[in-house]
Amino acid sequence: MGVFPENFLWGGALAANQVEGAYNVDGKGLSVQDVLPNGGLGAWTESPTPDNLKLDGIDFYHRYKEDIALMAEMGFKVFRTSISWSRIFPNGDEETPNEAGLQFYDDLFDELHKYGIEPLVTLSHYETPLYLARQYHGWINRDMIGLFEKYARTVFERYKHKVRYWLTFNEVNSVLELPFTSGGIDIPKEQLTKQDLYQAIHHELVASSLVTKLAHEINPDFKVGCMVLAMPAYPMTSDPKDVLAAHQFENLNYLFSDIHVRGEYPKYANRFFKEHGIEIQFEEGDAELLKNYPVDFLSFSYYMSITEAFDKSKYASGRGNILGGLSNPFLEASDWGWQIDPIGLRLVLNRYYDRYQIPLFIVENGLGAKDELVVGADGTMTVLDDYRIDYMHKHLAQVKEAILDGVEIMGYTSWGCIDCVSMSTAEMSKRYGLIYVNRHDDGSGDLERYRKKSFFWYRDVIASNGENL
Ligand code: BG6
């Protein structure tokens, strides 16, 4: 008997907006990503500009069969991707869905099933229809709940025999940092108050419960998870003030999973809301929805830990795609300055499981690095990415430890299993893949795919069900 459970879901993860391209093909409407040429951290433009690499992505829309065959070669059991909302409802508030968009995902899921790969589908991964951002100001507006429900109902009904695992909002906590990218809120961040942001999040939380309810009505076998950006926080020193600062940071992050799993706002939120003048407007039925329809499992992304201090000005800052915290002297950083911390993953797994006792799913983890395409020993082009293997090896070793600690883990999907366009910076050169895509920051490249060294390593990990890390 190995450590990883027999039915452990090994695989990889992508998001529609970072790979599909075909941004205006077959009736697709624009999404917020189509006007973010510099990525989720940058400013948005009036309309798509040719320098936005996401407009073509890695042309997954036309090449998904080739890509899925490569995933199958690695032995994937699961593949996480998202449905692009604006392929299904181009503006977001139409009455009837776009059949061509629905057909695309039918074909995609069929192709996965051909190889016995289970789809894991995110309903909303940073790709709100642009029209909803412009006309409704995104999730600030309560009408979004009904529009999201209609979209979710449409895809739940359509794919009820093809998709079993669903996630509602990618990194639901990121609305606070990236209101436009994450929440479709087209108001400059400086003009938004905490009240606006937490109210928008409340709408997402209610929508998430509503569609969890709906999912189980449509197919009782559906498993619905929330998805949060996980980040364990360390105190910079053992000064109790620093310890408290780290604890408070973690609580504010726990808020989202606490509501999704326990079905109510935690008590510690009351004080924070009071001190920041936040009064969440509940409508009739909100509290019952949250309480009665919690998620079946908790999924999260994990890239790094964060270090906190009472007086942050005394220390150097760290970097991350959304949150950075302080620089931790015990950790090394990636080419993009993200601090690499495998043990943090074991901590996160243990902390979530202690808190909720529901199954956990690691749906994003990986190393964004600069890769060089070279001729391999057998004469084929490859990338000798020992650094990525080292990163994944160390993280999976900690997943193993967490399983031994008693944590129930459903699966692991490595982020950007195929090179894709970066969310935060819209760069192609920040590569996470086990498969190299020949495309570059200046838009050049023929989009050919090449197996990296990590491709073969991960194939062996999966084949041995995690015994050969
Ligand atoms: C997560 C997102 O925050 O991090 C992904 O869910 C994203 O969409 C990933 O790609 C890595 O971030 P980046 O900015 O390096 O692409």
| field | Residues located in the stretch 292-324, provided they are in a strand (DSSP E or B) and either surrounded by fewer than 18 Cβ atoms within 10 Å (Cβ to Cβ) or within 16 Å of the ligand (Cβ to nearest atom) (or both) | value | L298, S299, F300, S301, Y302, I306, S317, R319
| field | Filter result for the condition that a residue is outside any loop (DSSP other than H, G, I, E, B) and either free of Cβ contacts under 8 Å to residues at least 12 places away in the same chain or within 16 Å of the ligand (Cβ to nearest atom) (or both), over S422, S414 | value | S414
| task | Collect the residues in the stretch 1-31 that are outside any loop (DSSP other than H, G, I, E, B), within 16 Å of the chain's Cα centre (by Cα) and within 24 Å of I322 (Cα to Cα), keeping them in residue-number order. | result | G12, A13, A16, N17, Q18, V19
| note | Those residues of the stretch 434-463 which are surrounded by fewer than 19 Cβ atoms within 10 Å (Cβ to Cβ), touching a Gly at 6+ places or on another chain (Cβ under 8 Å) and part of a loop (DSSP other than H, G, I, E, B) amount to N438
| message | Taking the criterion of being on the phi > 0 side of the Ramachandran plot and at pLDDT 95 or above, would at least one residue in the stretch 293-305 satisfy it? | response | no
| task | Test R63 against the criterion of being more than 25 Å from Y450 (Cβ to Cβ), of a type in the set (D, E, K, R), more than 14 Å from the ligand (Cβ to nearest atom) and in a helix (DSSP H, G or I), and give yes or no. | result | no
| task | Tell me which residues, restricted to the stretch 345-404, are charged (D, E, K, R), more than 24 Å from E171 (Cβ to Cβ) and assigned to a helix (DSSP H, G or I). | result | D386, D390, K400, E401
| field | First in the stretch 146-172 and within 21 Å of E94 (Cβ to Cβ) and part of a helix (DSSP H, G or I), second anywhere and more than 16 Å from the ligand (Cβ to nearest atom) and small (G, A, S), Cβ under 6 Å, 6 or more apart | value | L147/G92; F148/A207; F156/A215
| field | Failed item, numbered, when V19 is tested on (1) free of Cβ contacts under 8 Å to residues at least 12 places away in the same chain; (2) surrounded by 21 or more Cβ atoms within 10 Å (Cβ to Cβ) | value | (1)
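The values are calculated or read from the model by the stated rules, or taken from the named source; none is laboratory data. The structure displayed is predicted, hence computed values, not measured ones. Cβ sites come from the backbone with ideal geometry, for glycine too, and all protein chains shown count toward neighbours.
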